[in-house]
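> Got a structure here, written out as structure tokens. Questions coming.
The values are calculated or read from the model by the stated rules, or taken from the named source; none is laboratory data. Nothing here was measured: the structure is a model prediction, and the numbers come from that model. Neighbour counts run over all protein chains shown; Cβ positions are idealised from the backbone, glycine included.
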Amino acid sequence: MGWLNYHHLLYFWMVAKEGGIARAAEQLHLAQPTLSNQIRKLEKSLGAKLFDRVGRSLVLTDTGQIVYRYAEEIFTLGRELSDALQGLPGKDTVQFTVGVPDVLPKLVVYQLLKPVLDLEEKVQLVCYEGKLHDLLADLALHRLDIVLADSPLAPATHIRAFNHLLGESSITVFAQGELAKKYKKGFPQSLHGAPMLLPTHNTTLRRALEQWFDAQGLRPQTVHEFEDSAVLKVFGQHGEGVFASPTAIESEICRQYGVKTLGRIDEIKERFYAISVERRLKHPAVVKIFDAARETLFSSELEEGMP
């Protein structure tokens, strides 16, 4: 291969981080044709393609992913060297970047990520919230270490990534004091005609609840719909309606929002996944999340499901 041209490697790294030639060229203050030419020179020196074009997007090849990981380490060390020479303390923390879909319950997210803070290494969490398909695109570009989700990666998704089931939870129905008194008796039949605060139609929980309502012959009154589960709970806290959330965080919901439980829906199981580009979990923070989820957060649910 000969001597590696680190200027070319830097240009490749920026294109991979920015997700395209145009944005990288802007950051590097280079013309797009110049940058494209430098990438081609790097590919020629390495003897392998680093990017595939999918539609208008550039996607890392398998070789490109390997080169990107090394480039990330090289230029991270370069930044640390620059800091050291300026008399700044070197970084003693590991950055762990997580994608969180906006429909995921924030209390579940906190409970899943909290064990990372107990690692021996200092970890800086960086959480990005957005639509699942956007987060998966960032995962494919190695901008994220993992994506948390309440549904697995669909087989039709053109992203090379793997699902890791963290656990599952039944559903508990909650309400503020007066509503709880009114609708707790006779649960779940009491939900017929009850004012419900529901997730929006693009959520897994909404689809599961509607199927369960139909199976039970129940017709609750949908008073409000929310994509953000935290906002939904705040409305429930103020007595605007009855709402459902995972049983795994039941006690925390009651404590934080001052609501009461009406009952559990054991027929509905909400599952939670860590989606990564690795088939086998290697990142110490991801391993910690996986182990803690199964040992603590979802342990009772797993035990109930065992024969």
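> Kindly provide the set of residues from the range 132-149 that are in contact with a strand residue (DSSP E or B) (Cβ under 6 Å, 6 or more places away or on another chain) and part of a loop (DSSP other than H, G, I, E, B), ordered by number.
Leu144, Asp145, listed by residue number.
> Kindly establish whether Val242 is assigned by TED's automatic domain parsing to the domain that holds Glu178, out of contact with any Ser or Thr (no Cβ under 7 Å at 6 or more places or on another chain) and farther than 24 Å from Val126 by Cα.
Numbers: assigned by TED's automatic domain parsing to the domain that holds Glu178: yes; out of contact with any Ser or Thr (no Cβ under 7 Å at 6 or more places or on another chain): yes; farther than 24 Å from Val126 by Cα: yes.
The answer is yes for Val242.
Residues are listed down the side, and each one gets a yes or a no for (1) touching a residue at least 60 places away in the same chain (Cβ under 8 Å); (2) crowded, with 18+ Cβ neighbours inside 10 Å:
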residue	(1), (2)
Phe12	no, yes
Ala16	yes, yes
Ala25	no, yes
Pro33	no, no
Gln38	no, yes
Leu50	no, yes
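> Something else: Of Lys17, Lys44, which residue is basic (Lys, Arg) and farther than 19 Å from Glu72 by Cβ? Spell out how you get there, then give the answer.
Details: Lys17 fails: farther than 19 Å from Glu72 by Cβ.
Lys44 is the lone residue from the list that is basic (Lys, Arg) and farther than 19 Å from Glu72 by Cβ.
> Determine if the range 245-264 includes at least one residue that is in contact with a His (Cβ under 7 Å, 6 or more places away or on another chain) and surrounded by fewer than 21 Cβ atoms within 10 Å (Cβ to Cβ).
Residues of the range 245-264 that are in contact with a His (Cβ under 7 Å, 6 or more places away or on another chain), as a first pass: none.
Checked the range 245-264: no residue is in contact with a His (Cβ under 7 Å, 6 or more places away or on another chain) and surrounded by fewer than 21 Cβ atoms within 10 Å (Cβ to Cβ).
> For the range 252-281, what are the residues that are basic (Lys, Arg) and closer than 24 Å to Ala154 by Cβ? Can you show your working first?
Just the residues of the range 252-281 that are basic (Lys, Arg), to begin with: 255, 260, 264, 269, 271, 279-280.
Listed by number, the residues that qualify are Lys269, Arg271, Arg279, Arg280.
> Now a separate question. What residue, among those in the range 178-228 that are among the β-branched types (Val, Ile, Thr) and within 24 Å of His238 (Cα to Cα), is modelled with the lowest pLDDT? Full working, then the answer.
Step one: of the range 178-228, the residues among the β-branched types (Val, Ile, Thr) are 200, 203-204, 222-223.
Next, only the ones that are within 24 Å of His238 (Cα to Cα) stay: 200, 203, 222-223.
Working: Thr200: 93, Thr203: 88, Thr222: 96, Val223: 96.
Among residues in the range 178-228 that are among the β-branched types (Val, Ile, Thr) and within 24 Å of His238 (Cα to Cα), the one modelled with the lowest pLDDT is Thr203.
> Quick check: anything in the range 265-283 on the phi > 0 side of the Ramachandran plot, surrounded by fewer than 16 Cβ atoms within 10 Å (Cβ to Cβ) and assigned by TED's automatic domain parsing to the domain that holds Lys114?
At the first step, the residues of the range 265-283 found to be on the phi > 0 side of the Ramachandran plot are none.
So far as the range 265-283 goes, no, none of its residues is on the phi > 0 side of the Ramachandran plot, surrounded by fewer than 16 Cβ atoms within 10 Å (Cβ to Cβ) and assigned by TED's automatic domain parsing to the domain that holds Lys114.
> Please enumerate the residues belonging to the range 115-132 that are touching a residue at least 24 places away in the same chain (Cβ under 8 Å) and surrounded by fewer than 17 Cβ atoms within 10 Å (Cβ to Cβ). Lay out the reasoning, then the answer.
So in the range 115-132, the residues touching a residue at least 24 places away in the same chain (Cβ under 8 Å) come out as 115-116, 118-119, 121-132.
Asp118, Leu119, Glu121, Lys122, Gln124, Leu125, Val126, Cys127, Tyr128, Glu129, Gly130, Lys131 - these are the residues of the range 115-132 that are touching a residue at least 24 places away in the same chain (Cβ under 8 Å) and surrounded by fewer than 17 Cβ atoms within 10 Å (Cβ to Cβ).
> Need the failing condition index for Glu168 against (1) under 20 Å from Val287 (Cβ atoms); (2) among the charged types (D, E, K, R); (3) at pLDDT below 90, just the number.
Of (1) under 20 Å from Val287 (Cβ atoms); (2) among the charged types (D, E, K, R); (3) at pLDDT below 90, only one is false for Glu168: (3).
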